[in-house]
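One structure is given below, encoded as structure tokens.
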Amino acid sequence: MHHFRYAGPNLHCESVDLAEVARLYGTPTYVYSAATMEDNFRRLQRGLTGLDVQICFAMKANSNLAVLRHFANLGAAFDLVSGGELRRVIAAGANAKASVFAGVGKTEAEIKLALENGIFAFHVESEPELARINHVAGTLGVKAPIAIRINPDVDAHTHAKITTGKSDNKFGIPLKYAGAAYEAAAKYPNLALKGLQMHIGSQLTEVGPFVEAVEKVVPFAAELKAKFGLVYFSIGGGIGIVYRDALASGQPAWWDAQPAGQRPLTPEAYGAALAPLLRGLGLKILLEPGRFMVGNAGVLLSRVEHLKRGAGKNFLIVDAAMNDLVRPAMYESYHEIVPLQRDTSRRALVADVVGPICESGDCFAKDRQLQEVGEGELLAFMSAGAYGYAMASRYNSRPMAAEVLVKGSAFELINARETFEQMIGGEKVPAFLK
């Protein structure tokens, strides 16, 4: 569930009228609900009651410093994939020492930075990486804590661009070769074997692939614990969220009314299926959720520029664009689009919702039905808290959007809209062109 609801005709985030946010800070603007993030975190924790669990927020989904600090205050550590993300954890005053460093291409400089900041463990993706981490650790005179990422060859039945657990994906070491990889790792003098990791993909809406992967890997984890004294097993992230009817999914009545077998995957169902498989291991369990934690906690506010009526096709042109929210262009993904002021007396409009960028791909929705809206009116793109701002760009020299955090009736700008001067701040015209 989430905390975006209509109060009368006006869309609110918690107790804040989103039209007021747009009036103060303009559009496009991302707005995040602190209460929704906390609810998601707590429900996932409770779903795995009885296990020694550490939630490591996969911060690639949303790396705003305020979001990181909020999760840190709740007890989260972080799953990070770059030196920049590690620096963000530190800048947010969060706990790097409980966090893990993943990714297939860690540089020596990133490994050094992580070791200097006492990272909990590296999640190693290949045997050449073992040698690199060993070398950097040796130059610092320390032992690097590691876990090897296993590729269990399980089909997550999700979008091809976000599946990670199949044998033809770039991630991890195939399960059949993993034993040899651990034997090799044990021989390096500057590595400390600490755990085992896997992650099969993102936006999973059924529990079956999770169960299949855990059942495959648990016996191997038990063997490694006995042989090398491993202390944790990371089962990754990947729980999906609701994108269709996302506004309705904030209502318990809608959620409960879904037929059995058609309800979205909940943390309760996830925990009920996986906890029994993990309890007997006696290992600390790490989770690395990203989208689930923040996806339905954020919306993107946008303003209507024009309604362009064409030959058999309407185009609703808004001030947000693919540089602000690239998911529809990149993944053909669906985001519900709703008015900030609902008026049920208006007739329906069917239109392509498009941005101003000079690309046909700058399209958020085709033939979408929504209430008729006109120039200057406000819309919200739902479920935009994950991979929204984090994947944004300055394409067409458009500034980065603003970000706002809501908690109850309070809200604050947590990232100001980029100015043109900031956009070109690192650029220069060389002397030989003057």
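Quick look at the numbers
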{"item": "Neighbour-count order for Met322, Met400, fewest beta carbons within 10 angstrom listed first", "result": "Met400, Met322"}
{"item": "Inter-label distance for Val104 and Arg346, nm, one decimal - labels placed 7 Å from Cα along Cα-to-Cβ", "result": "4.5 nm"}
{"item": "Net charge of Cβ neighbours under 11 Å - reference Ala386; Lys, Arg +1; Asp, Glu -1", "result": "+3"}
{"item": "Three-way shape call for the stretch 296-423 based on the alpha-carbon gyration tensor, with the a/c threshold at 1.5", "result": "oblate"}
{"item": "Cβ-defined net charge surrounding Gly376, 14 Å radius [Lys, Arg +1; Asp, Glu -1]", "result": "-3"}
{"item": "Entry for volume of the Cα convex hull per residue in Å³ (calculated from the structure that is shown) out of [x] 138; [y] 170; [z] 159", "result": "[y]"}
{"item": "Between helix 267-278 and the chain: long-axis angle, C-alpha atoms, 0 to 90°, nearest 10", "result": "10 degrees"}
{"item": "Shape category assigned to the stretch 1-145 from the gyration tensor of Cα positions, a/c cut at 1.5", "result": "prolate"}
{"item": "Sequence of Cys13, Cys358, Cys56 once ranked by neighbouring C-beta atoms within 10 Å, starting from the fewest", "result": "Cys358, Cys56, Cys13"}
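Taken together, the values in this text are just the output of simple stated rules run on the coordinates, not laboratory data. Every value quoted in this text rests on a predicted model; they were computed, and no experiment measured them. Cβ coordinates were reconstructed from backbone atoms using ideal geometry, including for glycine residues, and neighbour counts include every protein chain displayed.
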